[in-house]
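Down below is the structure, laid out as C-alpha cells.
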Amino acid sequence: MYRVVASRAFRAGAPQKAFGCWFNLSSRSAHTLPFATLEADEISGSKPGEVYNLVQGKWTGSSIWNTLLDPLNGEPFIKIAEVGEKEIQPFVESLSKCPKHGLHNPFKSPERYLLYGDISTKAAHMLSLPKVSNFFTRLIQRVSPKSYQQALGEVQVTQKFLENFCGDQVRFLARSFAVPGNHLGQQSHGYRWPYGPVAIITPFNFPLEIPVLQLMGALYMGNKPILKVDSKVSIVMEQMMRLLHYCGLPVEDVDFINSDGKTMNKLLMEANPRMTLFTGSSRVAEKLAVDLKGRVKLEDAGFDWKILGPDVNEVDYVSWVCDQDAYACSGQKCSAQSVLFMHENWSSTSLLSKMKDLADRRKLEDLTVGPVLTFTTEAMLEHMNKLLKVPGSKLLFGGEELKNHSIPSIYGALKPTAIFVPLEEILKDGNYELVTREIFGPFQIVTEYKQDQLPLVLNALERMHAHLTAAVVSNDPLFLQEVIGNTVNGTTYAGLRARTTGAPQNHWFGPSGDPRGAGIGTPEAIKLVWSSHREIIYDYGPVPGNWEIPPST
C-alpha cells in the first residue's frame, strides 16, 4: 500500500487562507499551485503522474498500480492506484455511514447549503485564474487529446457553472412550496430531499466538466457521493478534488475511486447506493439499470442527428458548424453529429466540398484531430468498409489512417471521415442497425432527402434508440414545427445556427423520452437527478370545539 504525503493545501486552516493566496498566483510557477501535486507538462515516462484514491477523508494507494500509455506517443506516463475487488470494503463502509436522509436537508444542517455556496464561490474564482485554468486545460489535453480551445472550453464551462451556484443559489435549489389545507392549521409543504449515499460514474471524453457538474449537483442537494471517473483520465478529477478541498470541501463528503468496471459493479452491489448517475455507453447503462433495480439516472450514448431544411442560407457557416459538430474532439462527444440529413436543395451548393476542405484543415499537430480512445483504427476502417458495401454508398472524404503519427495501436488514428448512404438504403431492415451504429470518433453518415421524403426521415429518427442531442437547421417555422413535433431528443437546437454540440452551462443537457434520463448543469437538472420530492402535511388543529366521534366508515 502506498502512502501519500499531504500537501500544504490540506494543512489546518488552508481553506481560510485561500483568498490570501489567489492574488499572488499570477507570479507563481504552475507546480506551486497550492492544491496541485504535479505539473501537466512534466508528466512523462521518467516522471510519471500518480493518481490516488480518496476514502473516508484520506488519500490512499492500492496494492495494484496500473500504468497508462500516453495517447500521443505510447510512452508509459501515469500510474493509477486501482482498487481491486478485495479492497472495496472501506468504500462500502464509507457509503453505508451516510443515512438515507443525507448529509443535509431542509430540516438538518441547513448551514451546509451556505457552505457549498461558499465553496462554489472560491472554486469558481480559482478556475478563473489563468495559471489554474491553463493547468487543467493542459492536463485535459495530456489524457484526452483535443485542441487547446476545446479543452479550455471545458474548463470555462465548469467555472461558469460554479459561478452560477455561488452565494444563496445552492439553498435556492431546495426551495419548497406550500398549499393551503382543508381546515385551520392544515398545510401541505413540498420539499426536495436528498437520496443519501449515491454513486457517480463518468466517461473519458470530458474529464473535468461532466464529473464536476454532477458531483457538485449531488453535494448541493445533500448527498454523499462516491465518484468514479474513467481511469484513462481520472488524474484530472483527482487534481480537481484537491482544489475543492483547498476551497473548503469537507474531505469526508466525497469518496473518489479508481477501479475497473467489474470492481465498481461489485462495489455498487454491496454498497447499494440509493441512486447512481451513469454517463457512458448504452450497453453498460442497461446492465446497471438491471443490477441496481432501476435506481439509476442515465446519460448514455447518442447517435445524434442533424437535418438541413429546405431553406438554404449561409453555406459557409452551416458547413463550419457541421465540421465542428462531427469532428471537434475527434468526434468523441456524446453530442457529436453522427448523421446528416441534407435536403436536396443543399446538394446543389458547395456544402459538401466545404465540409471536406474544413476536415482537411484538421491536423494532429494542434490536436484538431487526434487519438480515438475507444475504437482502434482497424475497427473504424472495418465499419467503414461494411458501410461501403451498401448499394449506392460512397466515401465523401477521409477513410484513411492519420499519417506520421505515433499513437499506440490500442487507440484509433483516423482522418475525419464522411460516408454517403442513400436514405432508402438506410431504412432497410438489413442496413439500419449498421448505419446507426455509433462510432465514437471522427466519423459521420451523410444522406439526402427530397422535398416529399421528410416522412421517411422522421421514420428513421423514430426508430433510433438514443435521444440525446439533435439539430434542425432551418428558419422555416412550419418545417421546424413539423420536425420538432415529431421527435423527442432532449437537447434539440433549432434555427439556422443550430448545432448538436457545444452545450454550455446555461441550458439543460440530457436525453428525453426515457424516465431514467439524466440532465446536467441547470437547477432543473440538479433537482431532477439529485433529489426526490417529499411532502410534509402539517395539521396542528385546533379540533373544533363541538367535534364528536363520527360513525364508523
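Find the Rg to Rh ratio for the chain, where Rh is the Kirkwood radius over alpha-carbon pairs and Rg uses the same atoms. Ratio of gyration radius to Kirkwood radius for the chain: 1.01. Could you calculate the FRET efficiency of LEU184 with LEU427 from 1/(1 + (r/R0)^6), where r is the beta carbon distance between them and R0 is 56 Å, rounded to 0.05? That pair, LEU184 with LEU427, gives E of 0.30. Given R0 = 25 Å, the distance between the Cβ atoms of LEU434 and ASP366 translates into a calculated FRET efficiency of 0.15.
Under the simplified labelling scheme, the VAL315-GLN481 pair shows an inter-label distance of 3.0 nm, with each label point 7 Å from Cα along Cα→Cβ.
Spin-label point model (7 Å from Cα, Cβ direction): what's the ASN272 to LYS47 distance in nm? So the two model labels end up 4.9 nm from each other.
The orientation-averaged shadow of the Cα convex hull for region 345-489, equal to a quarter of the hull surface, comes to 9.7 nm². Normalising the average separation of contacting C-alpha pairs (under 8 angstrom, six or more residues apart) by the number of residues puts the relative contact order of region 217-338 at 18 percent. Taking all protein chains together, ILE410, ILE549, ILE536 sort by accessible area into ILE549, ILE410, ILE536, largest first [probe 1.4 Å]. Rounded to the nearest 20, the size of the Cβ-charge dipole of the chain about its Cα centre is 1560 debye, with Lys and Arg at +1 and Asp and Glu at -1. Within region 235-341, the trypsin sites (Lys or Arg not before Pro) that combine a DSSP coil assignment with at most 16 other C-beta atoms in a 10 angstrom radius are LYS293. In a reduced charge model with +1 at each Lys and Arg Cβ and -1 at each Asp and Glu Cβ, region 328-423 shows a dipole moment near 120 debye about its Cα centre. For a paramagnetic label modelled on LYS108 (point 7 Å from Cα along Cα→Cβ), amide N atoms under 17 Å away belong, within region 184-214, to 191-199. Could you work out the longest stretch of the chain that avoids the GluC sites (Glu not before Pro) located in DSSP loops with at most 15 other Cβ atoms within 10 Å? Between exposed loop sites, the widest span is 1-313. Once the Cα-Cα distance is subtracted from the 0.36 nm per residue extended length, the ALA379 to ASN345 segment shows a gain of 8.8 nm.
In a simple Cβ point-charge model (Lys, Arg +1; Asp, Glu -1; nothing else charged), region 106-219 has a dipole of about 160 debye relative to its Cα centre. Our helix-only sum for the chain, with -39,500 (n - 2.57) per DSSP H run of n ≥ 4 divided by its residues, gives a mean residue ellipticity at 222 nm of -10500 deg cm²/dmol. Look at the dipole of the chain built from charges on Cβ: of SER552, PRO477, GLY84, the Cα furthest out on the positive end belongs to GLY84. The residue list GLY181, THR158, TYR220 was ranked by how far each Cα lies along the charge dipole of the chain toward its positive end, using unit charges on Cβ atoms, and TYR220 comes out on top.
When we measure straight from the Cα of LYS79, which aspartates and glutamates land under 12 angstrom away, once same-chain ones fewer than 8 places off are left out? Within reach: GLU50, ASP70. I want the antiparallel fraction of DSSP beta bridges within region 346-463, as a percent rounded to 5. Rounded to the nearest five, the antiparallel share is 55 percent. Accessible area per residue (1.4 Å probe, heavy atoms of protein chains only) ranks ASP70, ASP366, ASP118 as ASP118, ASP366, ASP70, with the largest value leading. Could you tell me which of rounded, prolate or oblate describes region 353-392, using a ≥ b ≥ c as the square roots of the eigenvalues of the alpha-carbon gyration tensor, with rounded for a/c under 1.5 and, failing that, prolate when a/b is larger than b/c and oblate otherwise? It comes out oblate by the Cα gyration axes. The calculated FRET efficiency for the pair SER512 and ASN73, based on their C-beta separation and a Förster distance of 35 Å, comes to about 0.30. Considering only GLN451, PHE136, TYR540, and ranking their Cα positions along the charge dipole of the chain that arises from unit charges at the beta-carbon of Lys, Arg, Asp and Glu, the one farthest toward the positive end is TYR540. Ligands, DNA and RNA aside, LYS79 has an accessible area near 70 Å² when probed at 1.4 Å.
The heavy atoms of ILE537 offer some 100 square angstrom of accessible surface to a 1.4 angstrom probe. Please identify the longest segment of the chain free of exposed chymotrypsin sites (Phe, Trp or Tyr not before Pro), where exposed means a DSSP state other than H, G, I, E or B and no more than 12 other Cβ atoms within 10 Å. Counting at most 12 other Cβ atoms within 10 Å as exposed, the longest clean stretch of the chain is 108-539. Principal axis analysis of the Cα atoms in region 140-214 yields extents of 64, 25, 15 Å, listed in decreasing size. For the residue pairs LYS306/LYS386; LYS122/LYS232; LYS363/LYS403; LYS306/LYS389; LYS333/LYS527, alpha carbon separations beyond 20 Å are given by LYS306/LYS386; LYS122/LYS232; LYS306/LYS389; LYS333/LYS527.
The values are calculated or read from the model by the stated rules, or taken from the named source; none is laboratory data. Remember, predicted model here, so these are calculated numbers, not experimental data. We place every Cβ from the backbone using ideal geometry, glycine too, and count neighbours over all the protein chains shown. Protein only, heavy atoms only, side chains kept; ligands, DNA and RNA dropped before computing areas. Shrake-Rupley method; radii C 1.70, N 1.55, O 1.52, S 1.80 Å.
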